[in-house]
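Step one of this worksheet: look at the structure below.
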Amino acid sequence: MSVSEESASQVGQPAPDARPDDHVIILFGATGDLARRKLLPGLFHLARAGLLPPRYRIVGSAPAQFALTDEQFRRHAREAVQEFGLSAPDGTPWQAFEAALSFGAADPGDPRPLLEAVQRAERAVGGAPRRVCHLAVPPAAFQSVIAMLGDTGLATGARVIVEKPFGTDLASARALNQAVHAVFTEEQVFRIDHFLGKESVDNILALRFANGLFEPIWNRYHISHVQIDVPETIGIEGRSQFFEQTGTYRDMIVTHLFQLLGFVAMEPPTSLDAKPLRDETAKVFQALEPVDTTHVVRGQYTGYREEPGVDPSSQTETFVALRAMVDNWRWAGVPFHLRSGKAMGQRRQVVTLHFRKPPLRMFPDSPAGPHAQRANALVIDFDDPGWISVRFLVKEPGPAMHLSAAEMTFRYADSFRNRHGLEGYERLLLDAMLGNQALFTRSDGIERLWEISTPLLDNPPPVQPYPQGGWGPDAIRREIAPHHWYLPDGHQG
Ligand code: BG6
């Protein structure tokens with residue numbers, strides 16, 4: 001299959017080379033893990049791709065006890081880009097980027113070093129640059145940073161990028177939204193879910209709404225069940241403190257997988273602008289039934305309790321499989337099976353739509369059970385670079401009518417030069433600077449997802465062990481029956 005590059009377009013992104021206005025970017029949590037792994041390398045990649053504003057400055061910030069000099073911050077950024085970046089920190093692009101970095105510590109009682117650094121940065125940019133504050137801080141620090149932004153006036157006219165977790169339950173999500181809204185209007189707030197920055201999430205929209213082929217069958221009359229599957233091979237990667245308090249449901253399902261479900265299940269929006277798009281995902285979340293705990297399997301990989309920092313009798317889940325039901329005209333009766341876990345057999349990020357079986361009486365020799373199911377599906381792999389595959393039955397060559405499974409697959413890597421390829425984070429940082437909220441989550445949607453999660457958070461079923469490198473506890477088979485868990489390339493449970 002081939003496609004012309006001209007036909008590619010991204011949600012809400014006016015032109016592939018759109019550049020934001022001049023900016024001062026304030027990075028709170030600049031010495032933390034997220035800044036090191038994703039944000040500093042991502043900002044440099046944007047700079048190298050010519051997608052940062054013509055004039056910009058990046059002011060790193062952290063509490064005074066972690067304060068760095070400008071020079072130390074530049075070194076820190078260079079090491080981060082070296083270790084985690086797509087582009088090496090060298091040549092003129094690095095020199096220009098490095099020169100734009102400075103540091104200003106801020107404690108709730110003493111924000112002066114930060115304020116001075118921001119003033120210096122604004123003078124260096126000249127004119128009246130926009131300000132974006134990126135809050136890559138731990139949840140405990142969140143409210144005090146927001147309040148400080150309000151007290152110091154840094155919030156005035158600024159945009160704020162907020163990192164997950166957006167609360168840990170309904171009450172905390174409401175409190176968090178109230179704290180944010182005391183200082184910022186919703187139009188200033190960009191809640192980042194990096195899954196929504198992945199190319200293939202845009203492509204779910206393109207596939208569904210730019211073609212006449214799929215949308216007419218994208219409903220309960222033709223689809224029997226949907227699987228959203230994000231197994232990971234990594235464990236908790238030393239993040240025991242975070243993970244023990246969070247678990248897979250809060251870390252992956254409430255955020256990434258439910259957000260994806262919003263895009264898979266939404267009605268056609270009137271346009272791809274932020275409001276219509278977010279109105280449609282919010283409607284899906286309104287129609288989601290409260291999580292039924294009898295259809296939830298919580299798992300924990302063997303060895304998790306021996307990880308440093310983990311409680312030896314921990315009940316934190318490293319795996320969740322659950323059934324979500326969207327009670328509206330399009331989806332009533334169609335289960336959405338969601339699964340994500342650590343230390344599993346394969347890394348995958350896949351949405352599979354399984355179609356209803358036609359009557360196969362006239363093909364007595366047709367494949368049965370899981371094989372027939374595999375052959376009647378549309379599979380979207382949204383891990384970068386991603387692919388889309390249609391699986392169906394064909395006749396085997398020969399005198400008899402033997403059916404066999406076949407597939408047609410479109411692979412992004414084979415069809416496009418990755419000229420504008422951006423990682424999820426990079427895409428979203430750019431969108432925030434361009435003021436495009438289309439792919440950022442909204443407070444009402446977040447609160448609804450915590451609301452439907454309440455039965456599970458109040459009454460979590462006990463965790464069940466599963467071996468590392470496997471596909472989760474055995475109970476997940478019963479959970480999905482009469483269907484089967486399905487992964488491309490033959491793995492299933
Ligand atoms: C993060 C979670 O948000 O997403 C991690 O905190 C998870 O636990 C990660 O591993 C997955 O992201 P990616 O970049 O692999 O798609």
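Residues in the range 321-348 that are crowded, with 18+ Cβ neighbours inside 10 Å and small (Gly, Ala, Ser): Ala321, Ala324, Ser340, Gly341, Ala343.
State whether one or more residues within the range 91-104 are under 23 Å from Val180 (Cα atoms), at pLDDT 95 or above and surrounded by 13 or more Cβ atoms within 10 Å (Cβ to Cβ). Within the range 91-104, one or more residues are under 23 Å from Val180 (Cα atoms), at pLDDT 95 or above and surrounded by 13 or more Cβ atoms within 10 Å (Cβ to Cβ).
Of the residues Ile236, Ile253, only one is within 16 Å of the ligand (Cβ to nearest atom), modelled with pLDDT of 95 or more and within 28 Å of Gly472 (Cα to Cα); which? Working first, answer last.
Working: Ile236 fails: modelled with pLDDT of 95 or more.
Answer to the check: Ile253.
For residues that are in contact with a Ser or Thr (Cβ under 8 Å, 6 or more places away or on another chain) and within 16 Å of the ligand (Cβ to nearest atom), scanning just the range 327-348, find the one that is nearest to Gln227 (Cα to Cα).
Filtering the range 327-348 down to residues in contact with a Ser or Thr (Cβ under 8 Å, 6 or more places away or on another chain) leaves 334, 340-347.
So of that shortlist, the ones also within 16 Å of the ligand (Cβ to nearest atom) come out as 340-347.
Working: Ser340: 11, Gly341: 14, Lys342: 18, Ala343: 20, Met344: 17, Gly345: 17, Gln346: 16, Arg347: 15 Å.
Only one residue tops the list, namely Ser340.
Return a yes/no flag: does the range 199-211 have any residue that is surrounded by fewer than 16 Cβ atoms within 10 Å (Cβ to Cβ), more than 15 Å from the ligand (Cβ to nearest atom) and without any contact (Cβ under 8 Å) to a residue 12 or more places away in the chain. Yes. With respect to (1) surrounded by 22 or more Cβ atoms within 10 Å (Cβ to Cβ); (2) assigned to a loop (DSSP other than H, G, I, E, B), the lone exception for Leu39 is condition (2).
Residues of the range 361-384 being within 16 Å of the ligand (Cβ to nearest atom), assigned to a loop (DSSP other than H, G, I, E, B) and either at pLDDT below 70 or buried (at least 16 other Cβ atoms within 10 Å of the Cβ) (or both), which ones? Scanning the range 361-384 gives Phe382, Asp384. Here Arg477 fulfils each of the conditions (1) surrounded by 15 or more Cβ atoms within 10 Å (Cβ to Cβ); (2) in contact (Cβ under 8 Å) with a residue 24 or more places away in the chain apart from (2). Annotation: of all residues in the range 48-71 being part of a helix (DSSP H, G or I) and touching a strand residue (DSSP E or B) at 6+ places or on another chain (Cβ under 8 Å), the one that is surrounded by the fewest Cβ atoms within 10 Å (Cβ to Cβ) is Ala64.
Filtered by the rule that a residue be within 16 Å of the ligand (Cβ to nearest atom) and either farther than 14 Å from Ala106 by Cα or at pLDDT 95 or above (or both), the range 137-181 gives Pro138, Pro139, Ile161, Val162, Glu163, Lys164, Pro165, Phe166, Gly167, Thr168.
Tally the residues that are of a type in the set (S, T, N, Q) and not in a loop (DSSP other than H, G, I, E, B), restricting the search to the range 462-481. Residues that pass the stated criteria total 1. With the structure loaded, tell me whether Gly398 is at pLDDT 85 or above and not in a strand (DSSP E or B) or whether it fails that test. Here the answer is yes, as Gly398 does meet what is asked.
The values are calculated or read from the model by the stated rules, or taken from the named source; none is laboratory data. Remember, it's a predicted structure, so these values are computed and weren't measured experimentally. Quick reminder, even Gly has a Cβ in these numbers, built from the backbone with ideal geometry, and neighbours come from all protein chains shown.
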